[in-house]
1. Looking at region 80-100, which of the residues that are surrounded by fewer than 18 Cβ atoms within 10 Å (Cβ to Cβ) and in a strand (DSSP E or B) is modelled with the highest pLDDT?
2. Scan region 45-61 and give yes if some residue there is closer than 22 Å to Gly2 by Cβ, open to solvent by 70 Å² or more (accessible area, probe 1.4 Å) and polar (S, T, N, Q), otherwise no.
3. Within the bounds of region 64-71, is there any residue that is of a type outside the set (Lys, Arg) and either modelled with pLDDT under 95 or touching a Ser or Thr at 6+ places or on another chain (Cβ under 6 Å) (or both)?
4. Out of all the residues in region 62-72, which are under 15 Å from Cys95 (Cβ atoms) and surrounded by 15 or more Cβ atoms within 10 Å (Cβ to Cβ)?
5. Would you pick out the residues in region 101-121 that are open to solvent by 60 Å² or more (accessible area, probe 1.4 Å) and either free of Cβ contacts under 8 Å to residues at least 60 places away in the same chain or assigned to a strand (DSSP E or B) (or both)?
6. Cβ-Cβ below 8 Å, separation at least six or inter-chain, first residue in region 7-27 and closer than 14 Å to Val110 by Cβ and in contact (Cβ under 8 Å) with a residue 24 or more places away in the chain, second in a loop (DSSP other than H, G, I, E, B) and not polar (S, T, N, Q): which pairs?
7. Quick test for you: out of Ile51, Ile34, Ile28, pick the one residue that is more than 14 Å from Phe79 (Cα to Cα) and aliphatic (A, V, I, L, M).
8. What strands (runs of 3 or more DSSP E) completely inside region 21-76 contain at least 2 residues that are touching a helix residue (DSSP H, G or I) at 6+ places or on another chain (Cβ under 6 Å)?
Amino acid sequence: QGHLVESGGGLVQAGGSLRLSCAASRTIGSINTIGWYRQAPGKQRELVATITRGGTTNYADSVKGRFTISRDSAKNTVFLQMNSLKPDDTAVYYCNADRALVYGQWRTDVWGQGTQVTVSS
């Protein structure tokens, strides 16, 4: 099991909703910016949304108005509420911390193992 663990993926019909969660293990003491990326088959991994420690959010244009990112900094957990899902949202969704305090040392670019989201038409 890694330092970041995603959950909440699954199969949903177009127009439906899913909520992804990413929980940091006890090995992580602090996280700067944390966010979600996704990778569809045959495509490059792309940014979905990020949120800073101060709560500033950033979204890909393709998900603005449909997805909402939030975090519980006390629990080092980040969420992605996905509404009005489309087949094009089908991908493996990865949690990423740009900088994380792991075993007392700062590391960059910490990734989770990914969770599959499939949206049927």
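1. Gln81
2. No, the conditions are met nowhere in region 45-61.
3. Taking region 64-71 first, the residues of a type outside the set (Lys, Arg) are 65, 67-70.
With either modelled with pLDDT under 95 or touching a Ser or Thr at 6+ places or on another chain (Cβ under 6 Å) (or both) added as a condition, the list becomes 69.
Yes, there is a match, as at least one residue in region 64-71 is of a type outside the set (Lys, Arg) and either modelled with pLDDT under 95 or touching a Ser or Thr at 6+ places or on another chain (Cβ under 6 Å) (or both).
4. Phe67, Ile69, Arg71
5. If the condition is that a residue be open to solvent by 60 Å² or more (accessible area, probe 1.4 Å) and either free of Cβ contacts under 8 Å to residues at least 60 places away in the same chain or assigned to a strand (DSSP E or B) (or both), then Gln105, Trp106, Arg107, Thr108, Asp109, Trp111, Gln116 are the ones that fit.
6. Every condition considered, the pairs that remain are Cys22/Gly112; Ala24/His3; Ser25/Gly2; Ser25/His3; Thr27/His3; Thr27/Tyr103.
7. Numbers: Ile51 fails: more than 14 Å from Phe79 (Cα to Cα); Ile34 fails: more than 14 Å from Phe79 (Cα to Cα).
Sole residue among the options that is more than 14 Å from Phe79 (Cα to Cα) and aliphatic (A, V, I, L, M): Ile28.
8. Fully inside region 21-76 and qualifying: nothing.
The values are calculated or read from the model by the stated rules, or taken from the named source; none is laboratory data. This is a predicted model, so every value here is computed, not measured. Reconstructed Cβ throughout: ideal geometry from the backbone, glycine too, with neighbour counts over all protein chains shown. Each accessible area value is taken on the protein alone, full model and side chains, heavy atoms only, with ligands, DNA and RNA left out. Shrake-Rupley method; radii C 1.70, N 1.55, O 1.52, S 1.80 Å.
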